[in-house]
1. Read through the list (1) under 15 Å from the mean Cα position of the chain (by Cα); (2) buried (at least 17 other Cβ atoms within 10 Å of the Cβ); (3) assigned to a helix (DSSP H, G or I); (4) among the aliphatic types (A, V, I, L, M), then give the number of the only condition that residue 273 fails.
2. For the range 304-315, indicate whether the set of residues that are in a helix (DSSP H, G or I), among the β-branched types (Val, Ile, Thr) and outside the structural domain of residue 73 (by TED's automatic domain parsing) is non-empty.
3. Out of all the residues in the range 198-250, which are at pLDDT below 95 and touching a Phe, Trp or Tyr at 6+ places or on another chain (Cβ under 8 Å)?
4. With the checklist (1) under 25 Å from residue 134 (Cα atoms); (2) in contact (Cβ under 8 Å) with a residue 60 or more places away in the chain in hand, flag the one item residue 238 doesn't pass.
5. Output the number of residues of the range 170-185 satisfying the condition of being out of contact with any strand residue (DSSP E or B) (no Cβ under 6 Å at 6 or more places or on another chain) and under 16 Å from residue 246 (Cα atoms).
6. Given 330, 324, 310, which one is in contact with a helix residue (DSSP H, G or I) (Cβ under 9 Å, 6 or more places away or on another chain), surrounded by 12 or more Cβ atoms within 10 Å (Cβ to Cβ) and within 24 Å of residue 124 (Cβ to Cβ)?
7. Identify, please: which residue in the range 22-60 is in a helix (DSSP H, G or I) and surrounded by fewer than 10 Cβ atoms within 10 Å (Cβ to Cβ) and is, among those, modelled with the highest pLDDT?
8. Scan the range 165-174 and tell me whether some residue there is polar (S, T, N, Q), outside any helix (DSSP H, G or I) and under 18 Å from residue 53 (Cα atoms).
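The values are calculated or read from the model by the stated rules, or taken from the named source; none is laboratory data. Nothing here was measured: the structure is a model prediction, and the numbers come from that model. When we count neighbours, we look across all protein chains shown, and the Cβ atoms used for this are built from the backbone with ideal geometry, even at glycine.
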Amino acid sequence: MSNVINKSRRTALGLIAGSATLPILATPAIAQSVIEWRMVTSWPKNLPGPGITAQRLVDRIQSLSDGRLNIKLFAAGEIVPGLGAFDAVANGVAQMAHTAPLFWAGKFPAAPVFTAAPFGLTPIEHITWVNHGGGQALWDKLYEPAGIKPFMAGNTGYQMGGWYKKPLTGLNNLKGLKIRMPGLGGAVLTKLGALPVSLPPSEIFTSLKTGVIDATEFLGPFSDSAMGFHKAAKFYYSPGFHEPNGTGEALISKSAFEALPKDLQQIVETACASENVFSLGESEWNNAASLKNLVENEGVELKEYPLEILNAAKKSTIEVMQELSDKDALTAKIVASYQNAAKHLDLWSKISIKAFLSARG
């Protein structure tokens with residue numbers, strides 16, 4: 001009899017102990033509330049390249065966080081204009097943005113360097129500088145006054161030189177030419193006599209088609225063909241000396257980011273890094289396919305910039321980068337870091353990339 005009683009007592013205690021553990025296991029799942037963010041972008045919705053990247057970044061964070069961080073994406077113009085993305089995050093209109101540093105030269109002179117500099121770092125070199133050469137710390141410091149934390153979060157790879165309605169034979173063709181080219185590349189072309197203008201992506205095609213501008217650059221064939229530039233201009237130039245890289249950025253409100261649990265902070269950072277690498281491969285693959293289609297089916301003529309223009313642009317780049325350095329102490333530090341990275345990587349890039357491609361043919 002005592003054995004039956006003891007067995008019943010052990011069973012009851014086991015049930016009590018088991019039930020006591022249930023709230024401990026269940027409570028975190030119940031207590032975890034969904035955090036809602038808004039993300040604005042500088043791109044038309046689902047634009048091949050950066051628009052797709054922006055959506056995929058949101059999806060990655062949603063999936064990795066198991067829905068705990070829900071981010072609603074707003075394309076350019078849905079809440080703010082494309083070039084209003086930075087201010088939207090700084091002013092609390094959105095907690096996050098997907099855009100590109102080259103748009104913020106008016107706020108921070110050194111910002112375009114974090115996308116690209118003329119005759120500067122290639123995509124892999126740029127990633128190396130930001131992650132391993134001190135670039136990220138300087139980027140953080142640059143945006144700190146606005147309360148914004150930046151991450152690399154997309155890369156469209158090597159850029160093309162641009163779309164022109166008429167062929168270029170020399171420097172004279174650039175005199176008075178109205179070309180959409182923001183950032184440091186625009187500053188270089190200004191010195192060559194061109195008239196660069198800065199337009200958000202959504203306005204470029206119409207401006208080119210109607211003659212508001214005579215030429216434009218944007219990204220590579222993948223995104224450019226989706227924008228329809230070949231319907232307004234047929235001469236497609238390389239190399240993209242003005243932007244040999246295409247780093248996009250995720251801008252995140254520091255206060256919103258720091259309010260996240262540590263694991264969600266890591267998820268956001270990891271999603272940005274993952275998308276940065278994934279999108280670079282995506283762009284390279286699709287740029288190749290799109291370029292072939294443009295040439296074979298759309299009547300686009302591939303052209304190389306005349307050496308006279310390239311040599312003059314390289315000389316002007318030295319002046320532009322020096323003038324940029326003279327802006328303020330932090331800008332000078334960023335330019336020096338970027339240029340030191342280029343020097344540090346130069347021999348290895350020549351021995352690895354350049355020598356191999358030459359050997360491969």
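1. Condition (2) is where residue 273 drops out.
2. Applying the first criterion (in a helix (DSSP H, G or I)) to the range 304-315 yields 307-315.
Now narrow it down to the ones that are among the β-branched types (Val, Ile, Thr): 309.
Checking the rest, the ones that are also outside the structural domain of residue 73 (by TED's automatic domain parsing) come to 309.
The answer is yes; a qualifying residue exists.
3. The answer is 198, 201.
4. Condition (1) is where residue 238 drops out.
5. Final tally of qualifying residues: 4.
6. Numbers: 330 fails: within 24 Å of residue 124 (Cβ to Cβ); 310 fails: in contact with a helix residue (DSSP H, G or I) (Cβ under 9 Å, 6 or more places away or on another chain).
None of the other options fit; the residue is 324.
7. Applying the filter and picking the extreme gives 31.
8. Just the residues of the range 165-174 that are polar (S, T, N, Q), to begin with: 169, 172-173.
In the following step, the residues that additionally are outside any helix (DSSP H, G or I) were identified as 169.
Then keep just the ones that are under 18 Å from residue 53 (Cα atoms); that gives none.
No; the residues of the range 165-174 include none that is polar (S, T, N, Q), outside any helix (DSSP H, G or I) and under 18 Å from residue 53 (Cα atoms).
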